[in-house]
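What follows is one structure encoded as structure tokens, with my remarks underneath.
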Amino acid sequence: MTNKEFLDIIRTNIDKNGYHITLVNGGQHPDFSYSIGLTEKLGFELILAGGSSSVKDNEAVFDYVINQLQSGHVVDSKFSLSDGNTVYLSKVDPSWAKKMMLGVYDFYDTSEIIAYQIIPVKRTLDIPLMSESRNLNDPIWKWLDIDWNIKAPVNSYVITDFDALTGKTITELTRWEEGVWEMFSGPGPDVKEEDVRIVPLGTILGIDITLWSIVDLSIGEGLWRESKDSEWQKWE
């Protein structure tokens with residue numbers, strides 16, 4: 001797709017919906033999505049980064065927050081979503097915006113934009129705090145800047161649980177395919193469907209460095225441990 005074709009799609013979506021949402025599938029790093037076209041209406045754009053939500057869920061969050069803002073909701077207050085979760089907005093540092101929101105700069109042909117990050121109050125570790133200047137060595141988001149150097153497919157992903165993404169120790173894991181793992185902070189069968197998350201392998205390795213040894217796990221092999229300080233044991 002040429003740049004002109006991309007910009008034409010953006011204009012069409014803005015004319016139809018009031019704004020365009022660009023989704024960036026990470027592969028190595030978490031997915032993120034951002035708006036284009038809100039600057040004229042609100043004076044800024046919005047971005048969602050990490051959180052491992054589905055595209056449909058992300059679009060619903062954008063829709064709700066934008067509708068609330070257009071109805072007079074102030075930027076520095078909290079937004080209660082229909083699913084019971086709460087989010088708030090935080091101004092994005094230019095070091096993040098210039099790396100992740102290129103479509104906004106291209107569309108407006110500008111070198112400066114204003115953006116706010118949508119952040120859940122119950123934040124998982126794969127959601128960066130973009131009000132702070134980017135750390136190029138951030139273990140989860142460093143893949144924005146460096147080539148994949150892990151001995152696993154670049155699009156490898158992990159089926160895990162919400163608690164694991166908040167830092168709770170992963171105690172059991174299995175490699176089911178070349179680029180597919182399951183890793184849970186408790187018994188896998190006990191994880192509720194609403195707590196299941198799918199994230200890039202690089203995200204999990206960034207959260208817990210003790211998991212790096214699993215990239216050499218054989219397909220079909222599983223491991224368990226009692227705590228982060230325990231040795232891994234093979235499933236028999």
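Observations, loosely collected:
- Residue in segment 15-71 that is surrounded by the most Cβ atoms within 10 Å (Cβ to Cβ), counting only those that are among the small types (Gly, Ala, Ser) and more than 19 Å from residue 128 (Cα to Cα): 37
- Looking across segment 211-223, the residues that are at pLDDT 90 or above and either crowded, with 16+ Cβ neighbours inside 10 Å or in a loop (DSSP other than H, G, I, E, B) (or both) come down to 211, 217, 218, 219, 220, 221, 222, 223.
- Strands (runs of 3 or more DSSP E) fully within segment 56-152 counting 3 or more residues that are assigned by TED's automatic domain parsing to the domain that holds residue 13 and closer than 30 Å to residue 11 by Cβ: 86-91, 115-120
- Of residues in segment 124-137 being within 14 Å of the chain's Cα centre (by Cα) and farther than 14 Å from residue 52 by Cα, the one surrounded by the fewest Cβ atoms within 10 Å (Cβ to Cβ): 129
- Pairs with Cβ under 6 Å, 6+ apart, first in segment 193-213 and over 18 Å from residue 137 (Cα atoms), second in a strand (DSSP E or B): 195/161; 197/160; 198/157; 198/159; 199/158
The values are calculated or read from the model by the stated rules, or taken from the named source; none is laboratory data. Just so it is clear, the model here is predicted, and its values are computed rather than measured. We place every Cβ from the backbone using ideal geometry, glycine too, and count neighbours over all the protein chains shown.
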